[in-house]
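Read-outs throughout are calculated quantities, based only on the coordinates presented, and are distinct from any laboratory measurement. All values derive from a computational prediction rather than experimental measurement. Positions of Cβ are backbone-derived with ideal geometry, glycine not excepted, and every protein chain shown enters the neighbour counts.
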Amino acid sequence: MSVHTGGLLVHLYDARRNDFLEMLLHHTVTIYLLGFSYMFNVWETGTVVLFLHDSGEITVSLTRLFTETEYKKTTVGVFLSNTAIWFYARLIVFPQLIYTCWVTPVDFGHWCILPIYVFMLSCLVLLHAFWFKMFMEILFLQVIAKGSTEDT
């Protein structure tokens, strides 16, 4: 949780980029989800959310690393693996987690907590779909068409 809180603080006080609102929503929703997981003792769900997110962050960091080098083929390979991991973990497995949360009776203590929790998880899925669309645009418009691996 401290990683996302620190990421939110850095995001708020760093130079604003074109994805400011999306990242603000991502950090805020993730912090609330983790807090809900701990507060209502459904930490198993929070752990799965963190695992699914962190599995893709390794290749995201490697892609950023290799874009600063002259190893263009390695950059493309890591970017393709990042896209595959992102698609599977965040657009296949993560929605299944949401469905499981919705249909499996979990005691959150109050009837209104589960819909809020599922809504926040759904916000993350929508952000993941938006970012995956951006990955596809980068792949087809920049890497394949121009042969460029610059970080835009």
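Helix 20-39 and the longest principal axis of the C-alpha atoms of the chain enclose an angle of approximately 40°.
In percent, rounded to a whole number, the relative contact order of region 42-146 is 27, using alpha-carbon pairs under 8 Å and six or more apart.
Taken about its Cα centre, the chain carries a charge dipole of roughly 260 debye when the Cβ of each Lys and Arg holds +1 and the Cβ of each Asp and Glu holds -1. Ranked by the mean number of other Cβ atoms within 10 Å of their residues, highest first, the peptides 107-113, 26-32 fall in the order 26-32, 107-113. Please give me the summed charge of the neighbours of Ala84: other residues whose Cβ is under 15 Å from its Cβ, Lys and Arg +1, Asp and Glu -1. Here the charged neighbours net out to 0.
Ignoring everything except DSSP H segments at least 4 long, calculate the 222 nm mean residue ellipticity for the chain; use -39,500 (n - 2.57) per segment, divide by total residues, nearest 500. The helix contribution divided over the chain gives -24500 deg cm²/dmol.
Axis angle, to the nearest 10 degrees, between helix 2-13 and the longest C-alpha principal axis of the chain: 60 degrees. Calculated from the structure at hand, mean projected area of the Cα convex hull in nm² is found among (i) 9.3; (ii) 8.2; (iii) 9.8 as (i).
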